[in-house]
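Peer 1: Before anything else, here's the structure in question.
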Amino acid sequence: MRVTWATDIHLNFLNLQERASFFRSIVDAQPDAVFLTGDIAEAPSLQPLLGEMHAAVEAPLYFVLGNHDFYYGSISRVRADLASWSRIQQGLTYLTSTELVELTPTTVLIGHDGWGDGRYGNYHLSPVKLSDQELIEDFQDLNREEVLEKLRALGNEAARNLEEKLHRAVTVYPHVVCLTHVPPFKEACWYQGKMGNDDWLPYFACRAVGEVLMTVSQERPDCQIAVMCGHTHHEGVAHLRPNLCVFTGSAEYGAPCVQNTFELEELFEFSSPAEVDEGRVIGTDVVNRQSENVQ
Ligand SMILES: [Fe+2]
Ligand SMILES: [Fe+2]
């Protein structure tokens, strides 16, 4: 199965022509399926733009939502609307509200939006304040402690959802692909400039989801888990364990692109450190380098 992956495409920043050109680049990649790891648009434009994309790309579209997708809306309402709307759209699957999706007899797809859960870095000393707190209804009028409580609750909700799906997935399939918006490990929270330090990590990594992934990957060394995410707009690959690999995608506002097109089998060959080309910036080297910079 041939998959095209894009992340943080922020379609609301593009005009009709620019969107058509981006959609054409996906059609040109000739995928059997398209993966989107969140920040597709904003709440009011999400359904129309996703519908437009779905009609244009000529392949089943599997997606999770990112923080921007809730701007000018509420998290629970946007999720509920998208869940019921995508359920009646043939070939459009919102993974957060979907159980296991079998891609091939050996590979299953799961996903959840995730959320920066305030657990990595130093929330209390961080001067960072994301637009999320102004533009998403759930955060409006919350004080700093209440915001942290909300971030943790959102992280926990994502972790619980994925934990249940993961446990069921690994009992049947040797290969699991997990889509989420927020990197689940600080090692996968790629940065440039300020990204990845203690100020940004509380908002840019979801520790609760990471703990679930780590536990399941330890319990089931015979299963390979590949996670794909975005949110930081900076790409990187982090091998957390021999059977757990996180791919973080890059993005630029106003210039969405295909992150990668690959055969599913290649993804799992690449995920295994035994297959890693030492010349590339991946592997334990990445984990070590990230740890030095973010602690
Ligand atoms: Fe984004
Ligand atoms: Fe994001």
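The values are calculated or read from the model by the stated rules, or taken from the named source; none is laboratory data. The model shown is predicted, which means the values in this text are computed figures rather than measured ones. FYI the Cβ positions are ideal-geometry reconstructions off the backbone, even for glycines, and counts take in every protein chain you see.
Peer 1: When both residues are 6+ apart or on different chains and their Cβ atoms are under 8 Å apart, which pairs have a first residue that lies in region 243-268 and is touching a residue at least 24 places away in the same chain (Cβ under 8 Å) and within 24 Å of residue 16 (Cβ to Cβ), and a second that is among the hydroxyl-bearing types (Ser, Thr, Tyr) and surrounded by fewer than 18 Cβ atoms within 10 Å (Cβ to Cβ)?
Peer 2: Filtered contacts from region 243-268: 257/25; 258/25; 259/250.
Peer 1: May I ask you to list pairs of residues, at least six apart or on different chains, whose Cβ atoms are under 6 Å apart, with the first in region 174-187 being closer than 14 Å to residue 245 by Cβ and the second being away from ligand 1 (no atom under 16 Å from the Cβ) and aromatic (Phe, Trp, Tyr)?
Peer 2: 175/268
Peer 1: What number of residues within region 114-170 satisfy the criterion of being assigned to a helix (DSSP H, G or I) and of a type in the set (Phe, Trp, Tyr)? Step through it out loud before you land on a result.
Peer 2: Let us first name the residues in region 114-170 that are assigned to a helix (DSSP H, G or I), namely 123-125, 132-135, 137-139, 144-170.
Filter once more, so that each one left must be of a type in the set (Phe, Trp, Tyr): 123, 139.
The total comes to 2.
Peer 1: Okay, next question. Does region 19-29 hold any residues that are surrounded by fewer than 22 Cβ atoms within 10 Å (Cβ to Cβ) and in contact (Cβ under 8 Å) with a residue 40 or more places away in the chain, and which are they? Reasoning before the result, please.
Peer 2: The initial filter retains those residues of region 19-29 that are surrounded by fewer than 22 Cβ atoms within 10 Å (Cβ to Cβ), namely 19-25, 27-29.
Of everything in region 19-29, those that are surrounded by fewer than 22 Cβ atoms within 10 Å (Cβ to Cβ) and in contact (Cβ under 8 Å) with a residue 40 or more places away in the chain turn out to be 22, 25, 29.
Peer 1: Say whether the condition of being more than 14 Å from ligand 2 (Cβ to nearest atom), part of a helix (DSSP H, G or I), at pLDDT 95 or above and surrounded by fewer than 19 Cβ atoms within 10 Å (Cβ to Cβ) is met by at least one residue in region 67-78.
Peer 2: Within region 67-78 (the criterion being more than 14 Å from ligand 2 (Cβ to nearest atom), part of a helix (DSSP H, G or I), at pLDDT 95 or above and surrounded by fewer than 19 Cβ atoms within 10 Å (Cβ to Cβ)), the answer is yes, since at least one residue qualifies.
Peer 1: Please go through region 34-59 and pick out each residue that is more than 14 Å from ligand 2 (Cβ to nearest atom) and more than 22 Å from residue 102 (Cα to Cα). I'd like the intermediate steps shown before the answer.
Peer 2: Let us first name the residues in region 34-59 that are more than 14 Å from ligand 2 (Cβ to nearest atom), namely 34-35, 44-45, 47-59.
Selection gives 44, 45, 47, 48, 49, 50, 51, 52, 53, 55, 56.
Peer 1: Which condition from (1) modelled with pLDDT under 95; (2) more than 16 Å from ligand 1 (Cβ to nearest atom); (3) surrounded by fewer than 22 Cβ atoms within 10 Å (Cβ to Cβ) is the one that residue 271 breaks?
Peer 2: Of (1) modelled with pLDDT under 95; (2) more than 16 Å from ligand 1 (Cβ to nearest atom); (3) surrounded by fewer than 22 Cβ atoms within 10 Å (Cβ to Cβ), only one is false for residue 271: (3).
Peer 1: Given the criterion in contact with a helix residue (DSSP H, G or I) (Cβ under 8 Å, 6 or more places away or on another chain), more than 24 Å from residue 78 (Cβ to Cβ) and surrounded by fewer than 18 Cβ atoms within 10 Å (Cβ to Cβ), identify the matching residue among 211, 145, 187. Let's see the steps before the verdict.
Peer 2: On the way: 145 fails: in contact with a helix residue (DSSP H, G or I) (Cβ under 8 Å, 6 or more places away or on another chain); 187 fails: surrounded by fewer than 18 Cβ atoms within 10 Å (Cβ to Cβ).
After applying the criteria, what remains is 211.
Peer 1: Which of the residues belonging to region 5-33 are within 16 Å of ligand 2 (Cβ to nearest atom) and either part of a loop (DSSP other than H, G, I, E, B) or aromatic (Phe, Trp, Tyr) (or both)? Walk me through how you get there before you give the answer.
Peer 2: At the first step, the residues of region 5-33 found to be within 16 Å of ligand 2 (Cβ to nearest atom) are 5-13.
Residues satisfying the conditions are 5, 7, 8, 9, 10, 13.
Peer 1: Pick out, from region 176-251, the strands (runs of 3 or more DSSP E) lying fully within it that include 2 or more residues that are within 16 Å of ligand 2 (Cβ to nearest atom). Reasoning before the result, please.
Peer 2: Details: elements: 224-229, 236-241, 244-248.
Of the strands (runs of 3 or more DSSP E) lying wholly inside region 176-251, those with at least 2 residues that are within 16 Å of ligand 2 (Cβ to nearest atom) span 224-229, 244-248.
Peer 1: Suppose we keep only residues that are over 14 Å from residue 190 (Cβ atoms) and crowded, with 17+ Cβ neighbours inside 10 Å within region 215-238. Which one would you say is nearest to ligand 1 (Cβ to nearest atom)? Explain how you work it out, then say what you get.
Peer 2: We begin by selecting, within region 215-238, every residue over 14 Å from residue 190 (Cβ atoms); these are 215-226.
Filter again for crowded, with 17+ Cβ neighbours inside 10 Å, leaving 216-217, 220, 223-226.
Working: 216: 27, 217: 26, 220: 31, 223: 30, 224: 27, 225: 23, 226: 21 Å.
Among those that are over 14 Å from residue 190 (Cβ atoms) and crowded, with 17+ Cβ neighbours inside 10 Å, it is 226.
Peer 1: What is the residue count in region 215-248 for residues that are at pLDDT below 95 and of a type in the set (Gly, Ala, Ser)?
Peer 2: Residues that pass the stated criteria total 2.
Peer 1: Mind checking which residues of region 43-65 are in contact (Cβ under 8 Å) with a residue 60 or more places away in the chain and either surrounded by fewer than 18 Cβ atoms within 10 Å (Cβ to Cβ) or within 16 Å of ligand 1 (Cβ to nearest atom) (or both)?
Peer 2: Keep residues of region 43-65 that are in contact (Cβ under 8 Å) with a residue 60 or more places away in the chain, which gives 62-65.
63, 64, 65, listed by residue number.
Peer 1: Follow-up. Could you list, in sequence order, all residues of region 81-105 that are of a type in the set (A, V, I, L, M) and within 19 Å of the chain's Cα centre (by Cα)? Steps first, answer last, please.
Peer 2: Here is the first cut: in region 81-105, the ones of a type in the set (A, V, I, L, M) are 82-83, 88, 92, 95, 100-101, 103.
If the condition is that a residue be of a type in the set (A, V, I, L, M) and within 19 Å of the chain's Cα centre (by Cα), then 82, 83, 92, 95, 100, 101, 103 are the ones that fit.
Peer 1: Related question: Looking at this structure, is residue 126 of a type in the set (Ser, Thr, Tyr), touching a residue at least 12 places away in the same chain (Cβ under 8 Å) and more than 26 Å from residue 5 (Cβ to Cβ)? Reasoning before the result, please.
Peer 2: Details: of a type in the set (Ser, Thr, Tyr): yes; touching a residue at least 12 places away in the same chain (Cβ under 8 Å): yes; more than 26 Å from residue 5 (Cβ to Cβ): yes.
Judged against the criteria, residue 126 is a match.
Peer 1: Being within 16 Å of ligand 2 (Cβ to nearest atom) and either at positive phi or β-branched (Val, Ile, Thr) (or both) is the filter here; which residues of region 252-261 pass it?
Peer 2: Listed by number, the list holds a single entry, 254.
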